[in-house]
1. Please report, for residue A:83, the nm distances (one decimal) from its label point, 7 Å out from Cα along the beta-carbon direction, to the equivalent points in the remaining copies, shortest first.
2. Near the amide H of residue A:88, under 5 Å away, which other amide H atoms are found, from residues 5 or more places off or on another chain, if H is placed in the peptide plane?
3. If the label for residue B:57 sits 7 angstrom from Cα along the Cα-to-Cβ line, what are its distances to the same label in every other copy, in nm to one decimal, shortest first?
4. State the residue of chain A whose Cβ is nearest the axis carrying A onto B, and the distance in whole angstrom.
5. Using the Karplus curve 6.51 cos²θ - 1.76 cosθ + 1.60 with θ = phi - 60°, what ³J(HN,Hα) values do you get for each residue of the stretch A:95-104, in whole Hz, with x for Gly and Pro?
6. Can you pull the accessible area of residue B:129 for me, 1.4 Å probe, Å² to the nearest 10?
7. For the pairs A:127/B:29; A:53/B:69; A:69/B:127, note any where the Cα-Cα span goes beyond 26 Å.
8. Of B:102, A:94, which has the most accessible area and how do the rest follow, probe 1.4 Å?
Protein chains: 2
Amino acid sequence: MTEIKKTSTIQFNKQTVFKLCPITYVMEKIGSYWKPIILFHLLSGSRRYGELKKAMPHITEKMLIQHLKQLEADGLVLRKALPIIPPNVTYSLTKSGEGLRTVLYEMANWAIQNDQKEDEPLFKNLKDFPKLK
Amino acid sequence: MTEIKKTSTIQFNKQTVFKLCPITYVMEKIGSYWKPIILFHLLSGSRRYGELKKAMPHITEKMLIQHLKQLEADGLVLRKALPIIPPNVTYSLTKSGEGLRTVLYEMANWAIQNDQKEDEPLFKNLKDFPKLK
DNA sequence: TTGGATACCTACTTTGGGGTGTGTACTTGT
DNA sequence: ACAAGTACACACCCCAAAGTAGGTATCCAA
C-alpha cells in the first residue's frame, strides 16, 4: 500500500482545524473519490470482494483493495475472511460505517434534485436507494 | 486555472456509471478535499474572499480560488464583485449549493457521533452548525 | 512616493493518487 | 498435467492535483 506522508501542510495542526470545521474530520475519513462509492455499495449488506469489483467496473483492483484496507483501518468497514480455498472474503459496514447511511442518502437525494434540472435526468427517485436486509 | 483532462479512464462512460450509483454524480461535483469545506463555510451566508481565507488558514490561495471558480462553474456558488477599488468580492451559495446543507449537516452529525468514541472529543453537539441568517 | 489593502493570476516544482501489468497461494475440476 | 477461480501483493510509471513563490491592478492615505 502507498504510504501517507504525515508532514504535508494539510496535516498541520489538524486538531485545531477540526474544531473549526467538523467537515474536515469527515473529509479525512471518506474524502476521496472512491470511498463514498464503495461505502454506497456496502449499504445493502455485506459483499464479497469480487462482487464489489463487478459492481464498480471502472475501478482498478489496486484502488479497490487499497481503499478497502484504509476503510478497515479507519473502522468503517469490517473484513471477514473464511479460511478456505479458493478464498472467500466479505466486506461489511461497521456501526460507524453504517452511520454514514444518512450522509450517503442525502447525497443521493441531492443528486436527484440537482439532476432533474438537466436535459436528460439520470435518476428518477430514491426508491432504489439501498436498504439494509 | 488547471485544466481537467476529459479522457481519463475515470471519465469513461460516465452516463452509465451515474445510473448505477448516484454518489458518483455527487463526487464529480464536490468530490475533492476542499470543496465541502468551502461550502461549509458558506452555509452561514455570503462571505468575502478574504474572510474565507481567514476561515481556512491552511488552504493555499491557489486552491481557494481554483475551487471557488469550479464551484461557480458548476452552479453551486455565486460570485458577486463590486466594481470598486480595492475590490470587494463576495461568494454565496446558489439554490443548488444550498441544497447541500442537509448533506453537510449529516456529515457534521456523523463526525460528532463518531468522535465521541475517541479519547478527547473535539466537538460537543450540533448547536454550532451554521444557520442561514 | 511609498506602502497598504484586496482579489486575484501565473510560472515552476513536487507529490502522491491512480493506472498497468505481472505474480502468487492453494485447491478443485477436466 | 493443466487451467480456472479467488483475493490479493508488488513493482514501475505517469500525470494531474496541490504547494511555492512571485507578480498585477487600482485607489487612497501618509
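1. Result, one decimal in nm: 7.8.
2. A:82
3. 4.9
4. A:106, 3
5. Per-residue couplings from phi come out as 4, 4, x, 4, x, 7, 3, 5, 4, 5 Hz.
6. Its accessible surface works out to 20 Å², give or take rounding.
7. Details: A:127/B:29 23 Å; A:53/B:69 35 Å; A:69/B:127 34 Å.
The answer is A:53/B:69; A:69/B:127.
8. Numbers: B:102 65, A:94 30 Å².
Heavy-atom accessible area, descending, gives B:102, A:94.
The values are calculated or read from the model by the stated rules, or taken from the named source; none is laboratory data. In this text the structure is predicted, and so the values were computed from the model without any measurement. Cβ sites come from the backbone with ideal geometry, for glycine too, and all protein chains shown count toward neighbours. Each accessible area value is taken on the protein alone, full model and side chains, heavy atoms only, with ligands, DNA and RNA left out. Shrake-Rupley method; radii C 1.70, N 1.55, O 1.52, S 1.80 Å.
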